[in-house]
1. Given the DSSP H assignment, sum -39500 (n - 2.57) over each helix run of at least 4 residues in the chain and divide by its residue total; what's the result at 222 nm in deg cm²/dmol, nearest 500?
2. What nm distance separates the two modelled labels at D82 and R158, each placed 7 Å from Cα along Cα→Cβ?
3. I119's amide H: which non-local residues (gap 5+, or another chain) put their own amide H closer than 5 Å, with H modeled 1.01 Å from N in plane and none for Pro or chain starts?
4. Just to compare against my own numbers: the Cα pair-distance distribution for segment 85-176, 10 Å bins, whole % per bin, please.
5. I'd like the isolated cysteines in the chain, meaning no second cysteine's beta-carbon lies under 4.7 angstrom from theirs.
6. Note down the net charge around E74, summing +1 for each Lys or Arg and -1 for each Asp or Glu among other residues with Cβ under 15 Å from its Cβ.
7. Let me know the charge dipole size of the chain about its Cα centre in debye, to the nearest 20, where only the beta-carbon of Lys, Arg (+1) and Asp, Glu (-1) is charged.
8. If you take the charge dipole of the chain about its Cα centre, with +1 on Lys and Arg Cβ and -1 on Asp and Glu Cβ, which of A50, Q78, L113 is farthest toward its positive end?
Amino acid sequence: MDREDLIRELIERVAGEVGLIIYTLHPKREFTDEELSVELGTEINDVRRALFYLYEVGLADYRRRRDDETGWMEYYWQIRYDREDEILKKELLKTKKKLQEKLKTEESNIYYLCVNGCIKVNYEEAMDLGFTCPRCGAPLEYFDTSSVLEKLREEIKRIDELILSIDRTKGKTKKVA
Ligand SMILES: [Zn+2]
């Protein structure tokens with residue numbers, strides 16, 4: 001999964017399909033929800049909801065202005081593409097923390113599994129059961145978690161690499177500007 005995929009996944013998760021459509025539209029200037037609703041042919045309430053979800057994660061901003069003619073409050077929206085990296089990094093760090101916690105739990109536990117797959121218990125429980133499955137009477141066998149641990153470590157490493165690549169791109173952009 002590369003950076004673009006991650007952003008798309010994040011936006012679809014927080015703001016749904018409409019949010020993703022708005023985001024990939026790359027509007028160059030400020031827009032009102034009405035304008036966007038007409039342009040996309042989407043219900044205005046769906047547009048507003050998606051914009052609000054984007055706002056909540058920090059990917060959209062608005063300013064309010066009273067319309068001189070109608071006297072109504074208008075919302076002028078802007079997509080904060082400049083915050084993309086920062087928000088993506090925050091999300092990645094959140095995921096990394098979850099994976100690390102899972103890794104810690106998996107590392108500190110020794111599991112025993114019924115050979116018929118009925119139950120998975122920790123060492124103490126397996127000992128209490130005399131290493132015999134209470135459901136089918138088959139022996140409980142030591143469950144090797146090394147492949148699970150390896151997978152978790154790989155995922156964490158992958159996240160670290162992604163964060164690093166985001167930082168690197170940021171550095172490059174700064175240099176050019
Ligand atoms: Zn069993």
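Derivation of every value follows stated rules applied to the coordinates shown; laboratory data play no part. Keep in mind the model is a prediction, meaning the values are calculated, not measured. Don't worry about glycine lacking a Cβ; one is built from the backbone with ideal geometry, like all the others, and counts go over all protein chains shown.
1. Working: 6 runs with 107 residues, N = 177.
For the chain, the value works out to -20500 deg cm²/dmol.
2. Taking the simple label geometry, D82 and R158 are separated by 3.3 nm.
3. C114
4. Histogramming segment 85-176 at 10 Å steps yields 16, 30, 22, 16, 11, 5, 2 percent.
5. Cys with no partner Cβ under 4.7 Å: C136.
6. Numbers: positive: R29, R48, R63, R64, R65, R66; negative: E30, D33, E34, E35, D61, D67, D68, E69.
Summing Lys and Arg as +1 and Asp and Glu as -1 gives -2.
7. On the way: 32 positive and 38 negative charges, 148 e Å.
That gives the chain a dipole magnitude of about 720 debye.
8. About the Cα centre, the residue reaching furthest to the positive side is Q78.
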